[in-house]
There are 2 protein chains.
Amino acid sequence: MSDPERRPGRAATERSTRQKRALAAVLDATGGFRSANELFLELRARGQNVGLTTVYNQLRALVELGEVDAVRSDDGETRYRRCETGLHHHHLTCRVCGRTVEIQGPEVEHWADEMAAEHGYVEVSHTLEIVGTCGSCAAGGRRGASRSAG
Amino acid sequence: MSDPERRPGRAATERSTRQKRALAAVLDATGGFRSANELFLELRARGQNVGLTTVYNQLRALVELGEVDAVRSDDGETRYRRCETGLHHHHLTCRVCGRTVEIQGPEVEHWADEMAAEHGYVEVSHTLEIVGTCGSCAAGGRRGASRSAG
DNA sequence: GTAATTGCAAAGGATTTGCTCTGGT
DNA sequence: ACCAGAGCAAATCCTTTGCAATTAC
């Protein structure tokens with residue numbers, strides 16, 4: 001009995017493998033968010049054949065460990081990127097170009113906890129997403145018509 | 001050939017139908033976000049049998065028309081709610097029994113706008129969801145739900 | 001040696017599309 | 001009548017799971 005949360009066959013982070021190292025390298029090399037598939041492709045491009053399943057498994061493990069950030073994009077994909085800070089933070093995303101900025105708000109965290117406590121809620125967690133049009137996109141006169149087909 | 005954007009068989013908003021009215025009614029009745037399936041089930045509960053496909057089609061059309069807001073939740077579902085043109089409130093939801101409390105936070109609204117402005121973002125909107133375990137549920141059978149991040 | 005890990009094949013779940021029938025105007 | 005709209009069935013897309021083979025330690 002080691003970890004009651006672990007299911008057989010699913011990845012954890014106990015042993016160092018070629019695949020884990022390769023994925024970590026790609027995550028390090030890319031500053032922004034990437035979908036699991038993009039990471040998978042990038043690994044191939046680097047000559048590191050890592051199974052898509054493994055990419056997903058590792059990504060999930062990393063998210064649980066808080067080492068990677070996961071965000072759902074409008075088209076249904078989950079995009080990942082290495083966390084810049086281990087702290088809890090939120091994202092400010094541009095609805096046109098997708099540029100994302102990590103922001104922190106102690107006030108918000110506090111407010112959320114306070115509200116929850118006030119109503120007798122415990123084990124609270126929250127999600128806050130801010131979407132807007134970034135300066136460049138707003139200036140470029142580009143309409144927010146990035147909404148094309150999926 | 002009237003609307004070049006429209007594909008055959010897909011819903012628009014030209015004719016009034018029983019289904020559209022039913023969906024609109026449910027959206028009106030529920031202040032918060034609901035998944036397509038929840039709306040579908042709610043319609044059934046009301047004795048209004050509307051196909052799930054139709055719910056999806058209408059929801060999509062409404063989102064495109066800007067009458068409904070769509071947000072992706074962490075578990076992969078898209079949740080919808082009628083757009084409110086005024087100050088919106090947030091929801092504090094119990095992860096066990098689903099009890100929901102409406103809360104308002106002028107500070108948060110302000111903070112979000114401030115953050116966005118600070119980074120040069122305009123036309124900002126945000127979504128905030130707080131999830132926890134309410135008093136009753138915490139007192140009763142507790143679960144080791146480890147939902148984090150957000 | 002042995003449990004952790006990989007990754008193919010297949011399953012799953014949400015959402016969309018093909019297509020045909022229904023119904024609003 | 002005529003075409004927007006409804007909705008079943010099947011297809012898609014992203015992600016997870018079953019499980020046998022592989023590999024780190």
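The values are calculated or read from the model by the stated rules, or taken from the named source; none is laboratory data. Bear in mind that the values here come from a model prediction, so they are computed numbers and not experimental data. Virtual Cβ from ideal backbone geometry, glycine too; neighbours counted across all protein chains shown. When the accessible area is computed, the model is the full protein with side chains, heavy atoms only, and any ligands, DNA or RNA have been set aside. Shrake-Rupley method; radii C 1.70, N 1.55, O 1.52, S 1.80 Å.
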Worksheet item: Copy-to-copy spacing for B:Gly32, label 7 Å out on the Cα-to-C-beta vector, in nm, shortest first?
Response: 3.4
Worksheet item: What accessible area, summed over both chains, is buried at the B-A interface (1.4 Å probe, Å², nearest 100)?
Response: 3500 Å²
Practice prompt. With a point put 7 Å past each Cα toward its Cβ, work out how far B:Arg10 is from A:His91 in nm, to one decimal.
Written response: 2.5 nm
Worksheet item: If you average over every viewing direction, what projected area does the convex hull of the Cα atoms of region A:9-139 give, in nm²?
Response: 10.3 nm²
Discussion item. Give me a comma-separated list of calculated 3J(HN,Hα) values for region B:126-135, in order, Karplus coefficients 6.51, -1.76, 1.60 applied at θ = phi - 60°, integers in Hz, x for any Gly or Pro.
Written reply: 8, 9, 9, 10, 10, 10, x, 10, 6, x
Worksheet item: Which distances in nm, rounded to one decimal and ordered from shortest, link the label point of A:His110 to the equivalent label points in the other identical copies, with labels set 7 Å from Cα toward Cβ?
Response: 1.3
Worksheet item: Label-to-label distances across copies for A:Asp74, with labels 7 Å out along Cα→Cβ, in nm, shortest first?
Response: 2.4
Discussion item. At 0.36 nm per residue, and after removing the present C-alpha to C-alpha distance, how many nm does the segment from A:Arg18 to A:Ser136 gain when stretched out fully?
Written reply: 38.5 nm
